[in-house]
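Working notes, beginning with the structure itself.
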Amino acid sequence: MTSLPLLVITIGDIRVRYFAHPDGGPDWPWLAMGDVLRLTRFEHRTQAAFATIAPEEAREVISDDGPVRIVPDWYAYATIETAINFGRVHPGDLDLLKQGTRLALAVLLAEVPVEDWGAWFAAVDARPIVDLREVAP
Amino acid sequence: MALCLPWPVFRLAQHDGEGEPAFVTLVRDEREDGLDLVAWSARDPRRIARRDGAAALLGEGMLRNPATFANGRPVRIFRDPLGWLRNDRNGLVIVDPIGAALRLADAPGLMAEDAAHARELAEMLAPHVAAERIVAPRTTLRAA
């Protein structure tokens, strides 16, 4: 099944695509890793080295222009921060990338009834947060 | 990209075939000023190196924030930067065990990822951090 991007933005001359969670569950928008790597403006061999590595969450979807590896937003941000720390990317590009996430989220939430937004965000937050009442020495 | 060897200080690879892909994260102090750069291997995130030797923990700026320990809440410690990123950077990752032990000596509580991790931390941070102050989620204790 083809997965169309939720949103496509352009930062400088780089296209960045945002996708819904591949399983359709509640989650922040995911990003096309290839787009993020191009945004780093690292030389091609460095981009190629990073392209061989991905977090365990990474997935592949079929978009209208072929297979696309997508990664969670936190992984994309860490990648861009690395490029910022190497002086390859202006920090403003990371802000734009995060603005894109918020816009893509708005697209996602447009499909969710407003009365269900609380449950939607709770489901997103439930995964990483440990209930501190469940803490033992 | 960054070359993570020799530990604990990284330098940039200068030649083809040298080094390995690494993420580089800026560690900030409590005023949000940059303190040090920390590189961690993209293939093995537990391989961590510093540029200047100033940072002991990823996220260490939060240690001076009183809200971090509000109501006796323990600060979370992650095994590696990927776990830290997955959890919205809400916690710490140890970069330098000795420096981390000194910085965490007054922390009211630390929360490990699981029971095995809590034992690792107790050994790593002794004697500055008492083992009684290191906790783990109860569910992982049951599973252990």
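Suppose we keep just the DSSP beta bridges with both residues in chain B; what percent of those would be antiparallel, to 5?
Numbers: 14 of 21 bridges.
The answer is about 65 percent antiparallel.
Three principal axis extents, largest first, for the C-alpha atoms of segment B:34-96, in Å?
Computed over the Cα atoms, the extents are 37, 23, 16 Å.
If you take the charge dipole of chain B about its Cα centre, with +1 on Lys and Arg Cβ and -1 on Asp and Glu Cβ, which of B:Ala42, B:Ala22, B:His128 is farthest toward its positive end?
Of the options given, the answer is B:His128.
Go through segment B:1-70 and name the GluC sites (Glu not before Pro) that are in a DSSP coil and have 13 or fewer other Cβ atoms within 10 Å of their Cβ.
B:Glu18, B:Glu30, B:Glu32
Okay, helix-only estimate at 222 nm for chain A: each DSSP H run of n ≥ 4 adds -39500 (n - 2.57), divide by all residues, round to 500 deg cm²/dmol; what do you get? Walk me through the intermediate numbers first.
Working: 5 runs with 58 residues, N = 137.
The helix contribution divided over chain A gives -13000 deg cm²/dmol.
Quick one: dipole size for chain B, taken about the Cα centre, charges +1 on Lys/Arg Cβ and -1 on Asp/Glu Cβ, in debye to the nearest 20. Please list the in-between numbers first.
Working: 19 positive and 20 negative charges, 91 e Å.
The dipole magnitude comes to about 440 debye.
Can you give the local net charge around A:Val68? Use residues other than it whose beta-carbon is closer than 13 angstrom to its beta-carbon, Lys and Arg +1, Asp and Glu -1.
Values: positive: A:Arg15, A:Arg17, A:Arg38, A:Arg59, A:Arg69; negative: A:Asp35, A:Glu60, A:Asp64, A:Asp65.
Spelling it out: positives minus negatives among the neighbours equals +1.
List the trypsin sites (Lys or Arg not before Pro) within segment B:29-89 that DSSP assigns to loop and that have no more than 16 neighbouring Cβ atoms inside 10 Å. Provide the component values of the computation, followed by the final result.
On the way: sites: B:Arg31, B:Arg43, B:Arg46, B:Arg47, B:Arg50, B:Arg51, B:Arg64, B:Arg76, B:Arg79, B:Arg86, B:Arg89; in loops: B:Arg31, B:Arg43, B:Arg46, B:Arg47, B:Arg51, B:Arg79, B:Arg89.
Counting only loop positions with at most 16 other Cβ atoms within 10 Å, the trypsin sites (Lys or Arg not before Pro) in segment B:29-89 are B:Arg31, B:Arg43, B:Arg46.
Taking only DSSP H segments of four or more residues, each worth -39500 (n - 2.57), what value at 222 nm results for chain B once the sum is divided by all its residues, to the nearest 500 deg cm²/dmol?
On the way: 4 runs with 30 residues, N = 144.
Here the helix-only value at 222 nm equals -5500 deg cm²/dmol.
Which of B:Pro66, B:Phe78, B:Ala55 sits closest to the plus end of the dipole of segment B:29-88, meaning its Cα is farthest towards the positive end, when Lys and Arg get +1 and Asp and Glu get -1 on the C-beta?
B:Phe78
What net charge do the residues around A:Leu39 carry, taking every other residue with its C-beta under 12 Å from that of A:Leu39, with Lys and Arg at +1 and Asp and Glu at -1? It would help to have the intermediate numbers written out before the result.
Details: positive: A:Arg15, A:Arg17, A:Arg38, A:Arg41, A:Arg88; negative: A:Asp13, A:Asp35, A:Glu81, A:Asp93.
Cβ neighbours under 12 Å give a net charge of +1.
In segment A:1-98, what GluC sites (Glu not before Pro) fall in a loop by DSSP, with at most 11 other Cβ atoms inside 10 Å? List each step's numbers first, then the result.
Details: sites: A:Glu43, A:Glu56, A:Glu57, A:Glu60, A:Glu81; in loops: A:Glu43, A:Glu56, A:Glu57.
Passing both the DSSP loop test and the Cβ count: A:Glu43, A:Glu56.
Quick note: the coordinates plus some simple rules give every number you see, no bench work behind them. All values reported here derive from a predicted model rather than from experimental measurement. Virtual Cβ from ideal backbone geometry, glycine too; neighbours counted across all protein chains shown.
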